[in-house]
Amino acid sequence: MKNIFFIKQTNSTNALMRTLIKQETLPEGFVVYTDFQTAGKGQIENSWESETGKNLLFSILLYPHHVAIDQQFIISQIVSIAIINVLSDYCENIKIKWPNDIYVNDKKLAGILIENSLRGSQINNTVIGIGLNINQTVFKSDAPNPVSLRQIKEKSFRRKEILVKIVENILDIYNEMDINKIREDYFKNLYRNNGFYSFKAGNELFKAQIDDVQPDGKIIMTLENGTSRSFYFKEVEFII
């Protein structure tokens, strides 16, 4: 695969990509990947645990100038769907936990961190960081529910093969940009998208079913009493 840069170790692939962008003009679809991150992070500044040389840690660069700022959640949906498409060939029961964690049953297989750089009213560039647990067998951090492909399938996998497939799938969906299909595929593959489950908003615990995810990423739910509620990311959490 062209336009790919490997480094044995870095602080984070997203941070390295940002540094490279400042130094030169990189092509869309450029990929940075590494064996180990010294400061890898997930959403809400959580750290991302990954044993050296065991998992996939990479970032991909896009220039989504045609995506409106208030519609930028479509990028998260594209990446989530692409990962689901690829990993479904290796594993069963893979779902997207809103907004963009990748789950197998009730365990986290992958995380996505999307960082947009804006110029005026336009998205100038987007750096998409992906951490995917491939061959790690022991997790030592206090992360509540990590799992790897190797733990699930009891065999090792070729990381580079999965990397190439995911990048190609992201670019295929991104270039086609069939927005209706993207949104349909996203909801179809959404974790806990059928039935009532437990959630927490602030100090409030409640049961609700997921009805929809809007173009800006807001999740729409119906509570057991029939009340409709909506939340943005960080405003509500799943109770697992």
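The values are calculated or read from the model by the stated rules, or taken from the named source; none is laboratory data. A quick note: this is a predicted structure, and the numbers were derived from the prediction, not measured. Neighbour counts are summed over all protein chains in view; Cβ atoms, including those assigned to glycine, are modelled from backbone coordinates with ideal geometry.
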- [ ] Could you figure out which of (1) farther than 30 Å from Thr137 by Cα; (2) more than 17 Å from the chain's Cα centre (by Cα); (3) in the same structural domain as Asn93 (by TED's automatic domain parsing) isn't true of Ser156?
- [x] (1)
Open item on the list: Can you find a residue that is exposed (fewer than 14 other Cβ atoms within 10 Å of the Cβ), in a loop (DSSP other than H, G, I, E, B) and either more than 21 Å from the chain's Cα centre (by Cα) or not β-branched (Val, Ile, Thr) (or both) anywhere in region 185-194?
Closed with: yes
Open item on the list: Please pick out the residue among Glu115, Glu49 that is modelled with pLDDT of 95 or more and either buried (at least 20 other Cβ atoms within 10 Å of the Cβ) or not small (Gly, Ala, Ser) (or both).
Closed with: Glu115
TODO: Check region 149-160 and report whether any residue there is under 16 Å from Thr34 (Cβ atoms) and surrounded by 19 or more Cβ atoms within 10 Å (Cβ to Cβ).
DONE: yes
TODO: From the list Asn175, Asn180, Asn169, pick out the single residue that is surrounded by 13 or more Cβ atoms within 10 Å (Cβ to Cβ) and either of a type outside the set (Val, Ile, Thr) or not in a strand (DSSP E or B) (or both).
DONE: Asn169
TODO: Go through the residues of region 125-137 one by one and say whether even a single one is within 26 Å of Glu237 (Cβ to Cβ) and among the small types (Gly, Ala, Ser).
DONE: yes
Open item on the list: Looking at region 181-204, I want the residues that are at positive phi and have a partner that is surrounded by 12 or more Cβ atoms within 10 Å (Cβ to Cβ) and of a type in the set (Val, Ile, Thr) with Cβ atoms under 7 Å, at least 6 apart or on another chain. Which pairs are those?
Closed with: Arg192/Ile210
Open item on the list: Quick check on Lys207: is it under 15 Å from Gln71 (Cα atoms), touching a Ser or Thr at 6+ places or on another chain (Cβ under 7 Å) and surrounded by 12 or more Cβ atoms within 10 Å (Cβ to Cβ)?
Closed with: no
Open item on the list: Here is a check on your reading of the model: is Ile179 under 19 Å from Gln77 (Cα atoms), assigned by TED's automatic domain parsing to the domain that holds Gln72 and not basic (Lys, Arg)?
Closed with: yes
Open item on the list: Anything in region 24-46 that is modelled with pLDDT under 95 and either within 19 Å of Ile170 (Cβ to Cβ) or part of a helix (DSSP H, G or I) (or both)? List them, or say none.
Closed with: Gly42, Gln43, Ile44, Glu45
Open item on the list: If a residue must be in a strand (DSSP E or B) and in contact (Cβ under 8 Å) with a residue 24 or more places away in the chain, how many such residues does region 207-221 contain?
Closed with: 4
Open item on the list: Here's a check for you: in region 226-238, which residue that is in a loop (DSSP other than H, G, I, E, B) and modelled with pLDDT of 95 or more is surrounded by the most Cβ atoms within 10 Å (Cβ to Cβ)?
Closed with: Val236
